[in-house]
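The values are calculated or read from the model by the stated rules, or taken from the named source; none is laboratory data. Predicted model only: the values in this text are computed from it and were never measured. Here the Cβ positions follow ideal geometry from the backbone for every residue, glycine too, while neighbour counts run over all protein chains shown.
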Amino acid sequence: MLAFTGCTYGLSESEADELRIMREKTSHWKLKDINSTEQRSGGNCPLTPHEVGMFLRAMGYTKSTWIYIAAGEIYGGDKYISKLRSYFPNLVSKVVSSVTSFID
């Protein structure tokens, strides 16, 4: 879904290009040329995992807090989620939870 927001803040140039290409190849997505800087300035971009971690810490959540990621796969995987995991080691996603419950 990140590809369709046009938000590329914090991504490498090649990652931003990958998302742009994904957006351009999706025929039913009408808006193809999106200015990422304008999107972010307008508050139209999701927080990065790092920003989520800082926000939750500022609200007083501790390292022992369990964080459940209900979304699907996070773009960039561990590369981008590692900072959030360093703030909140009890971080699980529905993908991991599903596999774990299946194994148990």
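Starting from region 29-46, take each residue that is among the hydroxyl-bearing types (Ser, Thr, Tyr) and list its partners that are at pLDDT below 80, counting only C-beta distances under 7 angstrom and pairs at least six apart or across chains.
Listed pairs, sorted by first residue: Ser36/Gly6.
Pairs needed: first member in region 1-24, modelled with pLDDT of 85 or more; second member anywhere, surrounded by 13 or more Cβ atoms within 10 Å (Cβ to Cβ) and among the small types (Gly, Ala, Ser); C-beta distance under 7 Å; at least 6 residues apart or different chains.
Glu15/Gly76
Just for region 53-76: of the residues that are among the β-branched types (Val, Ile, Thr), out of contact with any helix residue (DSSP H, G or I) (no Cβ under 6 Å at 6 or more places or on another chain) and surrounded by 14 or more Cβ atoms within 10 Å (Cβ to Cβ), which one is nearest to Thr5 (Cα to Cα)?
Residues of region 53-76 among the β-branched types (Val, Ile, Thr): 62, 65, 67, 69, 74.
Then drop every residue that is not out of contact with any helix residue (DSSP H, G or I) (no Cβ under 6 Å at 6 or more places or on another chain), which leaves 62, 65, 67, 69.
Now narrow it down to the ones that are surrounded by 14 or more Cβ atoms within 10 Å (Cβ to Cβ): 65, 67, 69.
Working: Thr65: 29, Ile67: 24, Ile69: 19 Å.
Only one residue fits best here, namely Ile69.
Scan region 36-71 residue by residue and report those that are under 22 Å from Ser82 (Cβ atoms) and β-branched (Val, Ile, Thr).
Thr48, Val52, Thr62, Thr65, Ile67, Ile69
Of (1) among the small types (Gly, Ala, Ser); (2) modelled with pLDDT of 90 or more; (3) on the phi > 0 side of the Ramachandran plot, Gly76 satisfies all except one. Which?
(2)
Rundown of residues vs (1) farther than 21 Å from Asp17 by Cα; (2) part of a helix (DSSP H, G or I); (3) of a type in the set (A, V, I, L, M, F, W, C); (4) not assigned by TED's automatic domain parsing to the domain that holds Ala16, yes/no style:
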{"site": "Asp33", "(1), (2), (3), (4)": "no, no, no, no"}
{"site": "Arg40", "(1), (2), (3), (4)": "no, yes, no, no"}
{"site": "Glu51", "(1), (2), (3), (4)": "yes, yes, no, yes"}
{"site": "Thr62", "(1), (2), (3), (4)": "yes, no, no, yes"}
{"site": "Thr65", "(1), (2), (3), (4)": "yes, no, no, yes"}
{"site": "Glu73", "(1), (2), (3), (4)": "no, no, no, yes"}
{"site": "Lys79", "(1), (2), (3), (4)": "no, yes, no, yes"}
{"site": "Lys83", "(1), (2), (3), (4)": "yes, yes, no, yes"}
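Given the conditions (1) assigned by TED's automatic domain parsing to the domain that holds Leu84; (2) modelled with pLDDT under 85, and given that Phe55 satisfies all but one, which numbered condition is not satisfied?
Failing condition for Phe55: (2).
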